[in-house]
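Contents: one structure, followed by commentary.
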Amino acid sequence: MSQVTSGTGADVDRKQIVAKVMGDISHIATLPEITIKIIETVEDPDACAEDLHKIIANDPALCARVLKVVNSAFYGLPGQIGSINRAIVLLGLNAVKNIAIAASLAKLFRGGKLCDSFNARDLWNHSTAVAAGVKLLTERLKVSMLDESFLAGLMHDIGIMVEMQAIQPKLIEVFDVMAEKNIPMVEAEEQVIGANHQDFGRALAEKWKFPASFSFVAGFHHDPMQLSHEQRALPCIVHVADILAARMKIGFTGTVSSLEIDPEVLDELQLTESVIQQILDDLPEAHQVAEQMLSPGAAA
């Protein structure tokens, strides 16, 4: 479990470990400057579409990537959208902001192979599959803010990238312990590090000043029922998508301790087994769309 009872010695130790690691990381703790500007602009109540357009237009590569996403099958918009202004009008400032963040995240997963059992590229592959699963689930559940949900799925395991940069020898040891003892990653992390990727992911989301829903996803996607009823909807959706991506053996699946979904989570989301099977059937194609949408290629 990612959390322990507040006020215990273990909780204090965990906080100290997370604070130390967060203090040691460098570039992963900082989103690209242009992405930060985009977030600040969208959060400014006085900002308008033209303000956002000016920022994105100054970065041709990001401009091309945003248009690639907008024109992908993910959104299914009629006709080709050729300008950022048009994209903002059709999708809104918040959606374009989330697209820019998603484009930035892809660069953080280029660390390559760490050891025989882990490659950052495989983690990105898994993350895009989870994001695709989240999209399918949110559509089925008629949850609003589809692009935000997709981004939450994409960054749910970002804590592993924190570990990869700040405590790489410890992370390698985690993978060794997983193999030796045949235990889930969270359990191995607790033994080796004293905290796990959920703790680091939650801390990073808070450092980036992401919405609370993102920190809940990063911090509780393995045990969303620990959260209050008001907080757990998106973490529960990501939790289910995480397991479904693992069932399909897409990318790095070592974080998932069981391929069975907690009945409490299914009840929380009012999901039936037939719906789960439909999501599984649709996931390969949805994942392919997500992969193509977020690939490094500049334009569609």
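By the rule of a C-alpha distance below 16 Å, with chain neighbours fewer than 8 residues away ignored, the aspartates and glutamates paired with Lys170 are Asp24, Asp116, Glu180, Glu187, Glu189, Glu190, Asp199. Evaluated with a Cβ-only charge set (Lys, Arg +1; Asp, Glu -1), the chain carries a dipole of roughly 900 debye about its Cα centre, given to the nearest 20. With the simple spin-label model, which puts each label point 7 Å out from Cα in the Cβ direction, the Asp116 to Ala49 separation comes to 5.6 nm.
The lysines whose alpha-carbon is closer than 25 Å to the alpha-carbon of Lys97, local same-chain residues fewer than 8 away aside, are Lys37, Lys54, Lys68, Lys107, Lys135, Lys142, Lys207, Lys209.
What order do you get for Glu180, Glu139 when you list them from fewest to most C-beta neighbours inside 10 Å?
Values: Glu180 9, Glu139 14.
If I rank by nearby Cβ atoms, fewest first, I get Glu180, Glu139.
Only one of (1) 53, 45, 38; (2) 54, 42, 39; (3) 72, 37, 27 was calculated from the structure for Cα extents along the principal axes in Å, and its label is (1). Electrostatic bookkeeping for Ile55 treats Lys and Arg as +1 and Asp and Glu as -1; over the other residues with beta carbon under 12 Å from its beta carbon, the sum is -3. Taking Cα centre as origin and charging only the Cβ of basic (Lys, Arg, +1) and acidic (Asp, Glu, -1) residues, the dipole magnitude of region 8-104 rounds to 380 debye. Farthest toward the positive end of the dipole of region 39-139, out of Ala120, Ile84, Ala64, is the Cα of Ala120, where the dipole comes from beta carbon charges about the Cα centre.
With neighbours defined as other Cβ atoms within 10 Å of a residue's Cβ, the residues Val174, Val12 order from fewest to most as Val12, Val174.
Based on C-alpha pairs under 8 angstrom that are at least 6 apart in sequence, the chain has a relative contact order of 24 percent. All other residues whose Cβ lies under 14 angstrom from that of Leu91 are scored, Lys and Arg at +1 and Asp and Glu at -1, for a net of +1. Projecting the Cα atoms of Gln16, Pro184, Gly201 onto the dipole axis of the chain, where Lys and Arg carry +1 and Asp and Glu carry -1 at the beta carbon, places Gly201 farthest toward the positive end.
Under a 5 Å amide H cut-off, with hydrogens placed 1.01 Å from N, Leu114 pairs with Asn119, Ala120 among residues at least 5 apart or on other chains. The length gained by stretching the chain between Gln270 and Gln191 to full extension, at 0.36 nm per residue less their Cα-Cα distance, is 24.9 nm. You can think of it this way: the chain between Val289 and Lys207 has 26.5 nm of extra reach, that is 0.36 nm per residue less the Cα-Cα gap. Fewest-first ordering of Lys249, Lys37, Lys20 by other beta carbons within 10 Å of each residue's beta carbon gives Lys249, Lys20, Lys37. Since only Cys236, Ala290, Leu280 are under comparison, the one whose Cα sits farthest along the positive direction of the charge dipole of region 188-300, derived from C-beta charges on Lys, Arg, Asp and Glu, is Ala290.
Between Lys15 and Ile183, the contour length at 0.36 nm per residue exceeds the Cα-Cα span by 58.1 nm.
In order along region 103-109, the Karplus-derived 3J(HN,Hα) couplings, from 6.51 cos²θ - 1.76 cosθ + 1.60 at θ = phi - 60°, round to 5, 6, 4, 3, 5, 6, 9 Hz, and Gly and Pro are given as x. Using the Cβ-Cβ distance between Gln278 and Ser257 with R0 = 25 Å, the FRET efficiency computed as 1/(1 + (r/R0)^6) comes to roughly 0.55.
We did not get these values from a lab; they are worked out from the coordinates using the rules stated. The structure displayed is predicted, hence computed values, not measured ones. With ideal geometry, Cβ positions are generated from the backbone for all residues, glycine too; neighbour counts draw on all protein chains shown.
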